[in-house]
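Chemist: Let me give you the structure first, and then I'll get to my questions.
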Amino acid sequence: MATLTHQESATAEQLVVTDGARKTFITIIVAGVVVLIIGLLAAIFHIGEGEHAAAGEAAGHLSAAAGHEAGAAAHHEGSPIWLKRLLVSLWHSNVFFLGVSTIGTVFMAINYVAYAGWSVLIKRIAEALSAWVIPGAAIMLVVFLLGRHDIFHWTHEGIMDKGSANYDAIIAGKSGFLNLPFYLIRTIVYLGIWAYFSWKLRQLSLAEDQLGGTVWFHKSINASALFLVLYAVTSSMSAWDWVMSVDTHWFSTMFGWYVFASWWVSGIAAIALTAIFLKQAGYLKALTVNHMHDLGKLMFGFSIFWTYVWFSQFMLIWYANLPEEAVYFNQRLGGFEGRYTGMFFFNLVINFVFPFLGLMTRDAKRQMIIMKIVCIAILIGHWSDFYLMLMPGTMKGENGFLIEIGVAAIFLGAFLILFTRRLAAASLVPVHHPFLDESVHHTT
């Protein structure tokens, strides 16, 4: 570890969120509202109705292979299409932003437990990401309570009752896990754990800033170790509940890892992109290309990890070719008149090919413009990844993009407001962190 004092190596830096930045965030929200309204009007007045009719016909043909669940959805039960799309879009974007937000706490906890020094200068960015955890938790509970019948087929009345016209033996066999009280309890537990440890690690960090000493560092390590154990369980289970149970007949034992990989690489991209913007705005003076290089390596490596999990899941299902398993990829590759086929391949290109080629060389990871482009691509790519996870199982062939993009823009603007507010609430540099000098003099 370097021997320079903190005062010689780095000093406190306070972020000032300018009026221009606030106006930009509000503009993003307003633009999202406009796109959302246009999308809702298009859906309500059936603009592009021919496409929906063709998709509906395709859904009817696919129902024989997909089973009762796809067939029931093809009959448009539940809310009108425009409202169903709105509810699914709220769920989709919130699952994505909530997962990325929690990754800030996961990243910080991993670095505490690993006694990592290189990441101290970007620690406050990771802390600030968790600003969306509590708002996201509230939105998730509200959307589930209001729109569960439109998102989750297993919540329909009579679906698990023998003798009911809606009875489904496969779904009924999962009633011990997929039932409303237990589902809500699990969701509240996940969100409560994530919110508590995000708050706890933030409070310990602020106390360290104000009071100094290493006691806060050691308390943070203990809290982080416990959180990581709990997160390992709750992240996988939340993926089953919030995403995989949309396709109730289908399941994958790799799905928890798959969703985590998508959240994780998106969270790293969000941290790196924020660090770049702050550096270009004149903040984080001690941040160097060495830190960017390490963030680039994480994005490069975990883009490959995401692809490994994706391919392992796909290859096993393709090789076995069992109808109850293959239906998941049949829907996304050729089902519903190929409405998802283009996005299926786009997903692979933007989430694997692009970051793999873009970050392959050492120099690329040390160029801010390349890093910025790759970060943005990864965030867009994994939002589209969650789109592919959720839309075929909920909307079938009635999917679209205007409503979804509008909702995502509203979430993005709101997220940036809360994120930058938390960033500005404390020094960007944790001046009393015991490993600060190691981070300042980090080389790679």
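Chemist: Out of the range 170-179, which residues are over 24 Å from the mean Cα position of the chain (by Cα) and in contact (Cβ under 8 Å) with a residue 24 or more places away in the chain?
Modeler: Of everything in the range 170-179, those that are over 24 Å from the mean Cα position of the chain (by Cα) and in contact (Cβ under 8 Å) with a residue 24 or more places away in the chain turn out to be I170, I171, K174.
Chemist: Residues of the range 212-248 being under 26 Å from L322 (Cβ atoms), assigned to a loop (DSSP other than H, G, I, E, B) and β-branched (V, I, T), which ones? Give the steps one after another, and end with the answer.
Modeler: Residues of the range 212-248 under 26 Å from L322 (Cβ atoms): 236-237, 239-248.
Subset that is assigned to a loop (DSSP other than H, G, I, E, B): 243, 247-248.
Within the range 212-248, V243, T248 qualify.
Residues checked against (1) touching a strand residue (DSSP E or B) at 6+ places or on another chain (Cβ under 6 Å); (2) modelled with pLDDT under 95; (3) among the hydrophobic types (A, V, I, L, M, F, W, C); (4) not in a loop (DSSP other than H, G, I, E, B):
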{"residue": "W118", "(1), (2), (3), (4)": "no, no, yes, no"}
{"residue": "G136", "(1), (2), (3), (4)": "no, no, no, yes"}
{"residue": "D150", "(1), (2), (3), (4)": "no, no, no, yes"}
{"residue": "I185", "(1), (2), (3), (4)": "no, no, yes, yes"}
{"residue": "G192", "(1), (2), (3), (4)": "no, no, no, yes"}
{"residue": "S198", "(1), (2), (3), (4)": "no, no, no, yes"}
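Chemist: Somewhere in the range 350-359, is a residue assigned to a helix (DSSP H, G or I) and open to solvent by less than 10 Å² (accessible area, probe 1.4 Å)?
Modeler: Step one: filter the range 350-359 for residues assigned to a helix (DSSP H, G or I), giving 350-358.
So of that shortlist, the ones also open to solvent by less than 10 Å² (accessible area, probe 1.4 Å) come out as 351, 355.
Yes, the range 350-359 contains at least one residue that is assigned to a helix (DSSP H, G or I) and open to solvent by less than 10 Å² (accessible area, probe 1.4 Å).
Chemist: It is to be established whether one or more residues within the range 140-153 are surrounded by fewer than 17 Cβ atoms within 10 Å (Cβ to Cβ) and either more than 30 Å from F415 (Cβ to Cβ) or of a type in the set (S, T, N, Q) (or both). Write out each step before concluding.
Modeler: Step one: filter the range 140-153 for residues surrounded by fewer than 17 Cβ atoms within 10 Å (Cβ to Cβ), giving 141-142, 145-146, 149.
Okay, now just the ones that are also either more than 30 Å from F415 (Cβ to Cβ) or of a type in the set (S, T, N, Q) (or both), so none.
Checking the range 140-153: not a single residue is surrounded by fewer than 17 Cβ atoms within 10 Å (Cβ to Cβ) and either more than 30 Å from F415 (Cβ to Cβ) or of a type in the set (S, T, N, Q) (or both).
Chemist: Please identify the pairs in which a residue from the range 213-233 that is at negative phi has its Cβ atom under 8 Å from the Cβ atom of a residue that is surrounded by fewer than 13 Cβ atoms within 10 Å (Cβ to Cβ) and in a helix (DSSP H, G or I), counting only partners at least 6 apart or on another chain.
Modeler: Short answer, once both residue conditions are applied: none.
Chemist: Ok, one more. Within the range 266-310, can you find the residues that are part of a loop (DSSP other than H, G, I, E, B) and surrounded by 18 or more Cβ atoms within 10 Å (Cβ to Cβ)? Write out each step before concluding.
Modeler: If we filter the range 266-310 for residues that are part of a loop (DSSP other than H, G, I, E, B), which is where we start, we get 281-288.
L284, A286, L287, T288 - these are the residues of the range 266-310 that are part of a loop (DSSP other than H, G, I, E, B) and surrounded by 18 or more Cβ atoms within 10 Å (Cβ to Cβ).
This table checks each residue for (1) farther than 16 Å from D247 by Cβ; (2) at pLDDT below 95; (3) more than 18 Å from the chain's Cα centre (by Cα).
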site: W383; (1), (2), (3): yes, no, no
site: F386; (1), (2), (3): no, no, no
site: N399; (1), (2), (3): no, yes, yes
site: V407; (1), (2), (3): yes, no, no
site: L418; (1), (2), (3): yes, no, no
site: R421; (1), (2), (3): yes, no, yes
site: V429; (1), (2), (3): yes, no, yes
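Chemist: Which of the residues that make up the range 368-400 are farther than 16 Å from I268 by Cβ, open to solvent by 40 Å² or more (accessible area, probe 1.4 Å) and in contact (Cβ under 8 Å) with a residue 24 or more places away in the chain? Reasoning before the result, please.
Modeler: Step one: list which residues in the range 368-400 are farther than 16 Å from I268 by Cβ, which gives 369, 384, 386-400.
After this cut, where a residue has to be open to solvent by 40 Å² or more (accessible area, probe 1.4 Å) as well, the list is 369.
Passing the criteria: none in range.
Chemist: For Q203, are the conditions met, namely being within 30 Å of A126 (Cβ to Cβ), among the polar types (S, T, N, Q), open to solvent by 10 Å² or more (accessible area, probe 1.4 Å) and more than 26 Å from the chain's Cα centre (by Cα)?
Modeler: Numbers: within 30 Å of A126 (Cβ to Cβ): yes; among the polar types (S, T, N, Q): yes; open to solvent by 10 Å² or more (accessible area, probe 1.4 Å): yes; more than 26 Å from the chain's Cα centre (by Cα): no.
No: the conditions fail for Q203.
Chemist: Out of all the residues in the range 311-349, which are open to solvent by 50 Å² or more (accessible area, probe 1.4 Å), outside any helix (DSSP H, G or I) and in contact (Cβ under 8 Å) with a residue 40 or more places away in the chain?
Modeler: R339
Chemist: Identify, by number, the condition in (1) open to solvent by 10 Å² or more (accessible area, probe 1.4 Å); (2) closer than 29 Å to I134 by Cβ; (3) of a type outside the set (D, E); (4) part of a loop (DSSP other than H, G, I, E, B) that I405 doesn't meet.
Modeler: (4)
Chemist: Looking only at the range 420-444, how many residues end up being among the small types (G, A, S) and within 23 Å of K297 (Cβ to Cβ)? Outline the logic, then answer.
Modeler: Taking the range 420-444 and keeping what is among the small types (G, A, S), we get 424-427, 439.
Imposing the further condition that a residue be within 23 Å of K297 (Cβ to Cβ) reduces the set to 439.
Result for the range 420-444: 1.
Chemist: Among the numbered conditions (1) hydrophobic (A, V, I, L, M, F, W, C); (2) in a helix (DSSP H, G or I); (3) under 24 Å from H156 (Cα atoms), tell me where F251 comes up short.
Modeler: (2)
To keep it simple, each residue is scored yes or no on (1) of a type outside the set (S, T, Y); (2) modelled with pLDDT of 95 or more; (3) outside any helix (DSSP H, G or I); (4) open to solvent by less than 40 Å² (accessible area, probe 1.4 Å).
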position	(1), (2), (3), (4)
K23	yes, yes, no, no
V33	yes, yes, no, no
E51	yes, no, no, no
A55	yes, no, no, yes
S63	no, no, no, yes
A72	yes, no, no, yes
L83	yes, yes, no, no
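Chemist: If you scan the range 423-436, which residues turn out to be surrounded by fewer than 20 Cβ atoms within 10 Å (Cβ to Cβ) and in a helix (DSSP H, G or I)?
Modeler: The answer is A424, and nothing else.
Chemist: All but one of (1) more than 18 Å from A408 (Cα to Cα); (2) assigned to a helix (DSSP H, G or I); (3) open to solvent by 40 Å² or more (accessible area, probe 1.4 Å) hold for A128, so report the exception by its number.
Modeler: (3)
The values are calculated or read from the model by the stated rules, or taken from the named source; none is laboratory data. Since this is a predicted model, take the numbers as computed values, not measurements. Positions of Cβ are backbone-derived with ideal geometry, glycine not excepted, and every protein chain shown enters the neighbour counts. Note: areas computed on protein heavy atoms with side chains; ligands, DNA, RNA excluded. Shrake-Rupley method; radii C 1.70, N 1.55, O 1.52, S 1.80 Å.
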